[in-house]
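Accompanying notes for the structure given below.
Rule-based calculations on the coordinates, nothing more; no lab input. Bear in mind the structure is a predicted one, so any value in this text is a computation, not a measurement. For neighbour counting, all protein chains shown are included, and Cβ atoms are generated from backbone atoms with ideal geometry for every residue, glycine included.
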Amino acid sequence: MKKIILVLVLFLVFASAVHAVESTSSQVAVTLLNQEPAPARAGDVVNLRFRIDNTGGGTATNFQVELLNQYPFTVDGSALQNIGNVYGYQTDKNYVNIEYRAKIDKDALNGQHEIKIRYKDDQNEWTTATFEISISSKQFAQIIYVDKSILPPGKETDMTFTVTNTGNSPLQNLVFSWSEPNGAVLPVYSDDTRYIKYLDIGKSVDLVYKVIADVNAKPGLYKLNLVLKYESLQNATSSSIITSAGVFIGGETDFDVAFSQSSAGQTSLSVANTGNNPAQSVSVRVPQQPNYRVSGSDSAIIGNLDKGDYTVVSFQIVSGGTGNFTGTNR
């Protein structure tokens, strides 16, 4: 019986000693309270809130916390924070909340990424804790190429728009459309909308249209309004790109030169603009040919000639032959 009592007394003394040690030492834990936004976007800044709890009986003196730079995160501001004292659990000052801002690399991939924080006090060396931060990749598409800059009026022309995924996340449910506000350029055989089900990172797709520029459109630069809508493959959020591109309606034209009359060695020619564009600085020249020669000047300047218009020019031809006559648009 005495031996049992002695063992019991020794056990109670040992337990009291252990409790005394625990009650005078600090036990600090760091937890991640939240991130804002969640998920954070690649290329943006994420706000991180941590909680420091002392569950021991002793005070953690001169407590320091440092957020470590680790890809894809870079600390925005001071990485090291000196908290001061974090008191034991029996007080109402046994926890502290702290905040950090971290920049996220623009090329960070979608998913969970590790970020590390370390902490220490005067009685303990550095301890490192690791947390998971949720990142969504940056979604971005671009209309980077329109293959036509000049559209001839009244002629069916292929026009190609190239859409490229320039972000670092796949895209889905892309809808592309275009319009010319004045109706000077219109698609034929289809409407102006195209649908793309999926576009992977770095990939491009060509959208081909048959278009016609109005024959009555004045030559000049016209604006095309371009709209691209798409969704992220991860969170199905929708985005839109609204931009514009310029096309020039105009180009070359056609001429017809016909014999009008001949009298006393003077030959008159009718020159008509049979194309869909006005012509400026038009001149007519009779080329050298073996069956005739021109007395005087072999060329005449007409000036401007609108589409559908014609004029008459005359030359002194002193020998026979019908000759070949040409019109030029400078």
Practice prompt. Return an integer: the convex hull volume of the alpha-carbon atoms of segment 47-103, in Å³ per residue.
Written response: 73
Worksheet item: What percentages, rounded to whole numbers, describe P(r) for segment 67-149 computed over all alpha carbon pairs with 5 Å bin width beginning at zero?
Response: 3, 10, 17, 17, 14, 10, 8, 6, 4, 3, 2, 2, 1, 1, 1, 0
Practice prompt. State, to one decimal in nm², a quarter of the convex hull surface area for the C-alpha atoms of segment 172-322, i.e. the direction-averaged projected area.
Written response: 13.5
Worksheet item: With contacts defined as alpha carbon pairs under 8 Å and 6 or more residues apart, what's the relative contact order of the chain in percent?
Response: 11
Item to complete: Please name which of A279, N304, N182 has its Cα lying farthest along the dipole of the chain towards the positive end, using unit charges on Cβ (Lys, Arg +1; Asp, Glu -1) and the Cα centre as origin.
Response: N182
Practice prompt. For segment 163-221, state the semi-axes of the equivalent ellipsoid (square roots of 5 times the eigenvalues of the alpha-carbon gyration tensor), sorted largest first and rounded to whole angstrom.
Written response: 30, 12, 9
Worksheet entry | Across K203/K229; K106/K223; K155/K203; K155/K307; K103/K197, pairs whose alpha-carbon gap is larger than 26 Å | K106/K223; K155/K203; K103/K197
Worksheet item: Along the principal axes of its C-alpha atoms, what lengths does segment 109-192 span, in descending order and rounded to whole Å?
Response: 86, 22, 20
Worksheet item: For the chain, how big is Rg over Rh, using alpha carbon atoms and the Kirkwood form of Rh?
Response: 1.47
Response to the item:
Using alpha-carbon positions, the gyration tensor of segment 132-236 gives root eigenvalues a ≥ b ≥ c; with a/c under 1.5 called rounded, otherwise prolate if a/b exceeds b/c, else oblate, the class is prolate
Practice prompt. Considering the options Y198, N216, N110, tell which one lies farthest towards the positive end of the dipole of the chain, charges being +1 on Lys and Arg and -1 on Asp and Glu at the Cβ, about the Cα centre.
Written response: N110
Response to the item:
quick note, the chain, DSSP beta bridge pairs, % antiparallel (nearest 5) is 95
Practice prompt. Could you pull the Cα extents of segment 267-310 along its three principal axes, largest to smallest, in whole Å?
Written response: 35, 16, 15
